[in-house]
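Data block below; observations after.
The values are calculated or read from the model by the stated rules, or taken from the named source; none is laboratory data. As the structure is a computational prediction, the values presented were derived from the model and not from experiment. The area values use the complete protein model at the heavy-atom level, side chains included, leaving out ligands, DNA and RNA. Shrake-Rupley method; radii C 1.70, N 1.55, O 1.52, S 1.80 Å.
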Amino acid sequence: MTYDAILALLGFAFATTFTPGPNNMMLITSGVNFGLRRTVPHMLGITLGVVSLVLLTGLGVAGLFHAWPPALTVLKLLSVAYMLWLAWKIANAAAPGEAGAKARPMTLLQAAAFQWVNPKAWAMALGGVAAYIPHPDLASLLIAAAVFAAVSVPSTSFWAAAGQGLRRWLAEPARLRAFNWGMAVLLILSLWPVITMKLAS
């Protein structure tokens with residue numbers, strides 16, 4: 001990759017990673033409900049998942065959708081079902097301390113696996129590889145993965161820290177319930193990209 005292409009990809013990664021989406025809605029919610037420290041595995045899992053998605057997309061996973069178009073429909077159905085379940089979990093989350101040992105933040109592996117049904121992560125991987133690495137080679141893909149990883153760290157930290165910053169204000173149960181329901185609604189609204197997702201020809 002040329003220096004200009006790397007800079008352009010960096011801008012793309014920054015814009016797509018920092019803007020609101022399923023990951024960021026869940027990070028701010030986790031920050032509110034569990035705090036920044038307990039959200040760290042979730043943050044690292046997002047980075048791991050996005051990096052693996054970029055690498056495997058560049059290595060040809062995207063070709064599956066062209067070879068077998070129903071695969072995109074399967075992805076959409078899985079995304080919608082899983083994100084509706086997550087929205088329900090967020091909306092019904094108990095206040096910190098109320099749920100005891102049952103309340104746990106997302107683990108590293110859960111957050112990494114979520115990227116495979118996250119429409120925004122797919123859009124980032126497919127769009128980034130198609131636009132900035134039209135003829136992928138291993139070196140270029142590793143650079144692209146490093147770019148997304150570098151941007152992911154401050155982005156996930158920002159959203160989780162923002163959630164932790166709201167913990168004191170949301171200590172009142174009624175406010176916390178309203179916040180969790182609001183985040184659940186925003187997560188459902190973020191399903192629109194799943195419904196409209198199309199492959200570049």
Taking segment 107-122, which residues are open to solvent by less than 30 Å² (accessible area, probe 1.4 Å) and at pLDDT 90 or above? A111, A112, F114, Q115
If you go through segment 6-25 one residue at a time, do you hit one that is of a type in the set (F, W, Y) and modelled with pLDDT under 85? no
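Results for (1) acidic (D, E); (2) modelled with pLDDT under 95; (3) part of a loop (DSSP other than H, G, I, E, B); (4) open to solvent by less than 30 Å² (accessible area, probe 1.4 Å), shown as yes or no for each residue.
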position: H135; (1), (2), (3), (4): no, yes, yes, no
position: S140; (1), (2), (3), (4): no, yes, no, yes
position: A160; (1), (2), (3), (4): no, no, no, yes
position: R175; (1), (2), (3), (4): no, yes, no, no
Within segment 1-43, of all residues that are under 23 Å from A139 (Cα atoms) and outside any helix (DSSP H, G or I), the one most open to solvent (accessible area, probe 1.4 Å) is T2
